[in-house]
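Notes follow the structure.
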C-alpha cells in the first residue's frame, strides 16, 4: 500500500526520485522505498496487457477477415474507403486496413505510451504516410477540414471490450461514434455481439459467495442473517471458467442468449436493458450461480464468429483459442432459489452502460432483481473477496483447523488469533476455550467478525482487539496466552509467503505469553517446482511478428518497463492456468515460527530444481505449506501428489507464486543435466525475501 507521504529530491542527473512509504507485506511494518519518479508510469506500461491480445491469433485473424470483407463491400459499390480505428493500441488493426487498400486510415489512442509506441510501429512497417494517429479518446475527436478527421469514416474497426463485454464503455463509444464520427451507412467491425448465460448449481461456486455453517462438535458457527441474505459483491467474478472441472457443477439450463448488441448503428444501443426468459430446469438443485460469456459477429452478414464460450458450450471445443484478456464470468443471483427438474424459472438479466447483473424467479418478477446494480451491504463480500470466502467455507480446510484445535484446546486455554477476518476464534470458543482474543486492525474485517460473534452469542468468549500489537497492553489482554493460532491469512498478502507476517506479529506478544505457549502453525515451508505452463507464458512473451507486421518495438517497451518495475515472482491462481510438472518439488525455505525472529539467521543459498529429461519447461511455480503438527498441514499448493509430465492440480482458493522465463515459449530443456538454480536471499530482521532464477540450459 502506498500513502501520499513522499520526500522528493533531485539526483545529480536531474531525474526526479522519490521515497515512498509502503507496507512490508512480510513484516507488516511501514518502510521507505526509493523509486524513480516515473515508476508508476512504467508500471502502467508493463501492466497494459496488450501482449495477451496480440498472442490471440484467432482474434487477430478474424478482425483481419472482417476488415477484408468490409473493404471489399465498399469497393464493390465503387466507394472510397475511409477507416477509423478506435483504441488502436499497437496500431495492428490500422495496419491491416492500410495493407488491405483503405484510402485513408485514422487511428486514435488515448494511452500516451502506447500511442507513441504505435506511431513507431506504424512507421517501421512502412505505413507512416497512410495512417494518421491521433493521441486522443474517440469522444474527443473532431471532424472537419484541418481537424482530427477530415471527413466521417465509413468503416469503424475497434476492440473496446472486456470480460463483461460492456465494462470498458463499448455502448458509449459506439453511440458517440455513430453520432459524430461515422457515415450513416457505415460498416462496423464487429457488427454485433451476443451475450449468453447458463444457470448452474455448484457447492464449490456457492462457497465463493455465500457463507456456510461450520460444524464444530455438536454446535455450529453460523453466518449472521445480514450476510446470509446479502446478494454479494456487485462486481463480476471473472475467471477461466473453462478450467472449472465439470464434476464441480451441474447445469440447470441450456446456454441462453439474453442480450444482442447491434453496433452497426441501424438501431440505437440501449444504455439500460432488461431480459426475462422462461427456462426449463434440466436438473434439481439450488440456483447458485449464473455463468456468462459472449461472442462477436465480425461481419455484417454474421458469418464470422469470435466465440468466448467455455469448452462445453463452444462450437469448436477442440480448436479453442486461449485468452486472458477476455475470460468468462460468474454472477451470483440476488435471490436464493431451489428448483426441481422440469420447473419453469424466469432468468432475469439487466445491464446499464457498464455493468451486468442477474436474478432468478419462479413467478413474480417485480420483487426480485433490483432495477439498479445491487451492492454488498453486509461488508463480508467486500472484505473477503471470492477466494477468501471460498477459503473460509472450505470443509477440508476447516476440518484440519477443528482437529488441530481439539488436540490443543482445553477449558483452561486462553487463545490469541492472528489472521485477518478469521473464524478460528469462533471455532476455538465453540471447542471450549476459556477466552479467545483476536487482532482485527482492518476496519471492514473487524465489523464482519463482530457481527459473527454477536450472532453466535460468543461476546463473553471472544474479544476483538483493533490495536496494533505494540499498542496492546495488560488491560487489553489481562491473562497469559496459552495458544497462538492463525490460518494464517492477511489482507495485505499477495504472494503465499507474505502470510509469514503471522510470525512477525506473534513475536510482538512476548510479555503476554505463558512459558509453555503453543504457536499454531509452528512451521512454514516454501516449495518450488519446474513446470511447463500451457498458456500462461504468453503474458510475458515477445510478440515479434503478428499477422505479418513487425511489433518488436512494442516488445522492447514492455520488456524494459517490466524489468524495471515487475517483481521476479508474481501471484496467479494456477488452477485457472494449467501447467504440467517438469520435475520434482523441492523445499526452498523452512521457517520455524516457534523460534525468535531476531535469533533466526539470514539465509543466502542456492536450491537446484531438477528438470526431467525431454520434459518442456518454461517457468517455476511456488507455494507454501503451514505445519500445525501431527501431520496436519494447510497447503496453498497442489491438492494431489505431483507426477512428472502430468497436470498439477492446484488449490482453488489460493494464489501461487509464478516465475516465467522471458521468451519462454522457446525455452526447452534438452538433456538430463538441465536444471534451474533458485537463489534464496532471506533476511528475517528486515522482512526481506528475494528469489533469483537461473535456468542452466539457456
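General observations
- Residue among 477, 526 that alone is surrounded by 24 or more Cβ atoms within 10 Å (Cβ to Cβ) and touching a strand residue (DSSP E or B) at 6+ places or on another chain (Cβ under 7 Å): 526
- Residue match in segment 545-560 (condition: touching a strand residue (DSSP E or B) at 6+ places or on another chain (Cβ under 8 Å), in contact (Cβ under 8 Å) with a residue 12 or more places away in the chain, outside any strand (DSSP E or B) and over 30 Å from residue 128 (Cα atoms)): no
- Failed criterion for residue 222 (all others in (1) surrounded by fewer than 18 Cβ atoms within 10 Å (Cβ to Cβ); (2) under 30 Å from residue 90 (Cβ atoms); (3) in contact with a helix residue (DSSP H, G or I) (Cβ under 8 Å, 6 or more places away or on another chain) hold): (2)
- Criterion applied to 488, 496 was being over 14 Å from residue 593 (Cβ atoms), surrounded by 19 or more Cβ atoms within 10 Å (Cβ to Cβ), at pLDDT 95 or above and touching a strand residue (DSSP E or B) at 6+ places or on another chain (Cβ under 7 Å), and the one residue passing it is 496.
- Spans of helices (runs of 4 or more DSSP H) in segment 390-496 with at least 3 residues over 34 Å from the mean Cα position of the chain (by Cα) and outside the structural domain of residue 27 (by TED's automatic domain parsing): 395-408
- Per this entry, residue 660 is counted among residues that are at pLDDT below 95 and within 30 Å of residue 208 (Cα to Cα).
- The lone exception for residue 270 - which of (1) surrounded by fewer than 18 Cβ atoms within 10 Å (Cβ to Cβ); (2) within 29 Å of the chain's Cα centre (by Cα); (3) not in a helix (DSSP H, G or I) it fails: (2)
- On the stretch given as segment 311-352, residues that are part of a helix (DSSP H, G or I), over 23 Å from residue 390 (Cβ atoms) and in contact (Cβ under 8 Å) with a residue 12 or more places away in the chain total 1.
- Qualifying residue in segment 171-181 (condition: touching a helix residue (DSSP H, G or I) at 6+ places or on another chain (Cβ under 9 Å), within 30 Å of residue 238 (Cα to Cα) and surrounded by 20 or more Cβ atoms within 10 Å (Cβ to Cβ)): yes
- Taking the conditions (1) surrounded by fewer than 20 Cβ atoms within 10 Å (Cβ to Cβ); (2) under 29 Å from residue 578 (Cα atoms) in turn, residue 301 satisfies each one other than (2).
- So residue 247, is it in a helix (DSSP H, G or I) and free of Cβ contacts under 8 Å to residues at least 60 places away in the same chain: yes
- Residue within segment 138-147 that is buried (at least 21 other Cβ atoms within 10 Å of the Cβ) and not assigned by TED's automatic domain parsing to the domain that holds residue 252 present: yes
The values are calculated or read from the model by the stated rules, or taken from the named source; none is laboratory data. Bear in mind that the values here come from a model prediction, so they are computed numbers and not experimental data. Backbone-built Cβ (ideal geometry, glycine too); neighbour counts: all protein chains shown.
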